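Asker: Let me begin by handing over the structure; questions about it come next.
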Amino acid sequence: MLDTHGRKYVDPLIKGVANIFIRLHFTANTITKIAFLVGIFSGILAYFEKEIFAVIVLWISGLLDAVDGEVARYQKTTTAWGTLMDITFDRIVELSVIIALGLRFPDSRMELLFLSSTIIISMTVFLTVGALSEKKGMKSFYYQAGVMERTEGFILFSLMILFNKYLSIITFIYASLVLFTAFQRLFEAKKLLDK
């Protein structure tokens, strides 16, 4: 929801950072790899109880994840491989946080497993609709908006890391919203693909 409706508010920041990388002759794929490594580090920091640093690093990774697409569009180097790498790395970053919290907080593992399952379901719908749809958006595939997009996920991951005393509750809320989004996308897909 925030990615779809709030992008215009953060576009100046994304474009500004993208311009720095363009002047430094970075490719979009290089930025994707940097975002990935930075994002993985957030999981490591969360595991070692460096919560504030983990959240800062997570959001830097998220910013770079938006910047890589901006650079690709500017340089006209958008590729199927770049899209695949971007989506795959995003999920691995999310898993690094989930695994780190699962290792630290065994009592919340069931909720974290539920969250992982809902992410799999939602991404299956999202990617399948993107593959089957002939529509294209700003991205290189059809992007289905939903209640839970990447920014909402980062907000909830941040809450999970910072307020880990309530990890089970926050994780359950996160998972429920992701599941709701999966069904939201499924119903939209039925209308879209039945045409």
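Asker: Of the listed values [x] -0.80, -0.94; [y] -0.71, -0.94; [z] -0.61, -0.83, grab the one calculated as log10 I(q)/I(0) by the Debye sum over Cα atoms at q = 0.13, 0.15 Å⁻¹ from the structure here.
Answerer: Computed from the coordinates, log10 I(q)/I(0) by the Debye sum over Cα atoms at q = 0.13, 0.15 Å⁻¹ corresponds to [y].
Asker: Between region 12-59 and region 148-195, what is the C-alpha centre distance in whole Å?
Answerer: The distance from the Cα centre of region 12-59 to that of region 148-195 comes to 22 Å.
Asker: Give me the net charge of T181's neighbourhood, meaning all other residues with Cβ under 13 Å from the Cβ of T181; Lys, Arg count +1, Asp, Glu -1.
Answerer: Net local charge, T181 excluded: -2.
Asker: Quick one: dipole size for region 59-195, taken about the Cα centre, charges +1 on Lys/Arg Cβ and -1 on Asp/Glu Cβ, in debye to the nearest 20.
Answerer: 260 debye
Asker: Of the heavy-atom accessible surface of region 67-195 (probe 1.4 angstrom), what whole percent is carbon and sulfur?
Answerer: About 71 percent, which is the carbon plus sulfur part of the accessible surface.
Asker: Sticking with this structure for a sec: Tally Lys/Arg at +1 and Asp/Glu at -1 over every other residue whose Cβ is under 12 Å from the Cβ of V71; what's the total?
Answerer: Taking every Cβ under 12 Å from that of V71, the sum is 0.
Asker: Using Cα pairs closer than 8 Å and at least 6 residues apart in sequence, work out the relative contact order for the chain, in percent.
Answerer: Worked out over the chain, it gives 25 percent.
Asker: Here is a further query. Ignoring ligands and nucleic acids, what accessible area does W59 show with a 1.4 Å probe (Å², nearest 10)?
Answerer: Ignoring ligands and nucleic acids, W59 comes out at about 100 Å².
Asker: Toward the positive end of the charge dipole of the chain, about the Cα centre and with charges on Cβ (Lys, Arg +1; Asp, Glu -1), which of I99, V57, L132 goes farthest?
Answerer: L132
Asker: Continuing with this model, one more query. At 222 nm, what value in deg cm²/dmol follows for the chain if DSSP H runs of at least 4 each add -39500 (n - 2.57) and the sum is divided by all its residues, to the nearest 500?
Answerer: Per the formula, -28000 deg cm²/dmol.
Asker: Most mobile of D68, D107, D90 per a Gaussian network model of the chain (Cα springs, under 10 Å)?
Answerer: D107
Asker: Shifting gears a bit: Kirkwood Rh, region 11-125, all Cα pairs: how many Å?
Answerer: Answer for region 11-125: a Kirkwood hydrodynamic radius of 15.0 Å.
Asker: If you roll a 1.4 Å probe over the heavy atoms of the protein chains, what accessible area per residue do you get for region 21-87, in Å²?
Answerer: Averaged over the residues of region 21-87, the accessible area is 55 Å².
Asker: To the nearest whole percent, what portion of all C-alpha pairs in region 150-195 is separated by more than 12 angstrom?
Answerer: Distances greater than 12 Å cover 65 percent of the Cα pairs.
The values are calculated or read from the model by the stated rules, or taken from the named source; none is laboratory data. These numbers were taken from a predicted model, which means no experiment stands behind them. In this analysis, Cβ positions are derived from the backbone assuming ideal geometry, glycine residues included, and neighbour counts consider all displayed protein chains. Just the protein is used for accessible areas: all its heavy atoms, side chains included, with ligands, DNA and RNA removed. Shrake-Rupley method; radii C 1.70, N 1.55, O 1.52, S 1.80 Å.
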